[in-house]
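Bear in mind that the values in this text are calculations on the coordinates, not laboratory data. Only a predicted model underlies this, so the values are computations on that prediction, with no experimental measurement involved. With ideal geometry, Cβ positions are generated from the backbone for all residues, glycine too; neighbour counts draw on all protein chains shown.
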Amino acid sequence: MPSLSIEAPVMAPHRKFTVEDFHRLSETGILQEDDRVELIEGELIDMAPIGPVHASLVSLLVRRLGYGTEGRAIPWPQNPIRLGHRSEPQPDFALLRYRPDAYKEALPTAADVLLLIEIADSSICYDRDVKTPLYARHGIPEYWIIDILSRQIEVRRDPDAEQGRYRELRIVSEGLLAPICFQEVAVDLAELMR
């Protein structure tokens, strides 16, 4: 009797997109304005729909962190950030360095990001395994994952760009949490996790 062998699937050649390619897809109408996709390491990634809990948390972050840093930082909810030539993620929330033009002339880059936050319900593995190394490689100084199901926040700080990881990871499930750049502006985890 012949033995069964399981062969690994063959990956068809595919093209990696640049940020410029990504923008041309939109300009030419291939991607529509309401298409929820982001560019990660040259790949177009479908983004999950935003449910009411997710939307409410983004709104709360804008109110607590955005209003609390008025005139000193720019809140950037669900907007793109350019990370090199092949990535343009759309994190759920970011605090950016203050600029009088509010980034009208060009999208922010990693150097502009003070804090980046992803809200995870079904995307926790993606946020940990794909976005964490991406953000670390680009030197994002502080990255939070709000894990809705576990009712906790993973706080990552001190990126090691060469290794694509964060040297510090802290899990927070109660109390107040403030970004390192604005210690006086905190969010209450009880309010976030209601």
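Tabulated data
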{"item": "Pairs where the first residue, in the stretch 22-38, is closer than 16 Å to residue 107 by Cβ and the second is surrounded by fewer than 10 Cβ atoms within 10 Å (Cβ to Cβ), C-beta under 7 Å, 6+ apart", "result": "37/46"}
{"item": "Residue within the stretch 120-132 that is surrounded by 19 or more Cβ atoms within 10 Å (Cβ to Cβ), on the phi < 0 side of the Ramachandran plot, under 11 Å from the mean Cα position of the chain (by Cα) and part of a strand (DSSP E or B) present", "result": "yes"}
{"item": "Residue identified as of a type in the set (S, T, N, Q) and over 16 Å from residue 116 (Cα atoms) among 163, 183", "result": "163"}
{"item": "Residues of the stretch 87-105 satisfying the condition of being touching a residue at least 24 places away in the same chain (Cβ under 8 Å), out of contact with any helix residue (DSSP H, G or I) (no Cβ under 8 Å at 6 or more places or on another chain) and among the hydrophobic types (A, V, I, L, M, F, W, C)", "result": "102"}
{"item": "The stretch 161-190, subset acidic (Asp, Glu) and exposed (fewer than 13 other Cβ atoms within 10 Å of the Cβ), residue nearest to the chain's Cα centre (by Cα)", "result": "168"}
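Listed here are the residues, each with its yes/no results for (1) part of a helix (DSSP H, G or I); (2) under 23 Å from residue 133 (Cα atoms); (3) in contact with a Leu (Cβ under 8 Å, 6 or more places away or on another chain).
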residue: 15; (1), (2), (3): no, yes, no
residue: 25; (1), (2), (3): yes, no, yes
residue: 33; (1), (2), (3): no, no, no
residue: 59; (1), (2), (3): yes, no, no
residue: 65; (1), (2), (3): yes, no, yes
residue: 71; (1), (2), (3): no, no, no
residue: 78; (1), (2), (3): no, yes, no
residue: 85; (1), (2), (3): no, yes, no
residue: 94; (1), (2), (3): no, yes, yes
